[in-house]
Amino acid sequence: MLAKKYNDLEFPCPLGPIIKAYIAEKRSLGGKGNAEAKRLRSFSKMWYAQDLADELTEDAVKRWISPRPTDAPATIRNRVAIIRGLGKFMQRQGYKAYCPDRSCVRKLPRHGYDPHIFTYREVLRFMESAESYASGPYCGKWSRLIVPLIFRMLYCTGMRAGEVVALEVADVDLAANVITVRDAKFGKTRYVPIHDELAGTIREYVSLRKPERYLFPSPREGHYGQHSLYEPFRKILFKAGIPHRGRGFGPRIHDFRHTFAVHSMMKWAMSGHDMATAMPRIAAYLGHKDVSETEWYLHLTIRIAPRLGGMLNSEFGKIFPREFQHDKQ
């Protein structure tokens, strides 16, 4: 359903056919092209509304990539990357096109959002509140089973919310306790081992819900929507006594993934395992392109558990900025 949705997008501006050709090229090279299609649809609508010239001009590009008050740094970077991709494609095809320089976002922080790392007690309170929420009047018939299980899977596996809701029954091997995440971010497929307890919970859910194709089917068609989690997430946070600081400040659903990574590193470090060995494993488990993406979680772990700083700095001290170094005083 999701792929079909993005395949059917129209681009109401003179560059519409070129944009479609660009997205087709991305897909022919193994990418999904969904992010490009969604963003360039917005660009196309702006172009159409303002009756701009029939070329990718500097003025049009700068209007579109200029920051909005609610934009996170990552959103701005994403717009710049996509319009640069379109511009370079047009230049290769012989069209006149402006490509913004990378320096226009160089000063933006890499992570504009400070993630909320749930404490173990907060995780426990949240999961207990999810169970009681599901037994209340707010949930539909099947949401009573789906909502608590999805949140449990997010924390226990570190998977992205979009990956969990899109799982098919065939992707979950409850005999081997392994989940296959297919065609995820960066077009990667990975295997996620799960604990016996989580496998038992999924097995119980399957026996009751009896899903056919998707593990979490929608009442209409396709799979359960990721956006359908936002409202119950806020209500469960409130019920668990975990304050929400407002839109853009969290906690966010994606913070369960961050929490999984930090808790995993804390567990590895405190058990005395070699963190140099742990890092590639955690990176593979999370589906990162390489270990460098996982280093950020080392910074978060040091911040939350300073007592581990000396242990981690002995192996990774060269990658820590001074403000994250363990204070021996």
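The values are calculated or read from the model by the stated rules, or taken from the named source; none is laboratory data. These numbers come from a predicted model, not from an experiment. Counting neighbours? That spans all protein chains shown, and the Cβs are built from the backbone with ideal geometry, glycine included. These area figures cover heavy atoms from the full protein model, side chains too; ligands, DNA and RNA do not enter into them. Shrake-Rupley method; radii C 1.70, N 1.55, O 1.52, S 1.80 Å.
Side notes on the structure shown:
- Counting only protein heavy atoms and a 1.4 Å probe, region 170-220 has 62 square angstrom of accessible area per residue.
- Order by protection proxy (mean Cβ within 10 Å, highest first), peptides 199-212, 153-166, 73-86: 153-166, 73-86, 199-212
- Charge dipole (region 220-279, unit charges on Cβ, about Cα centre) - positive-most of T259, M270, P232: P232
- Charging the Cβ of each Asp and Glu at -1 and of each Lys and Arg at +1, and nothing else, the dipole of region 126-234 about its Cα centre rounds to 260 debye.
- Summary of the geometry: region 177-214 and region 153-173, compared by the centres of their Cα atoms, lie 5 Å apart.
- Accessible-area composition of region 142-276, carbon plus sulfur, in percent [1.4 Å probe]: 53
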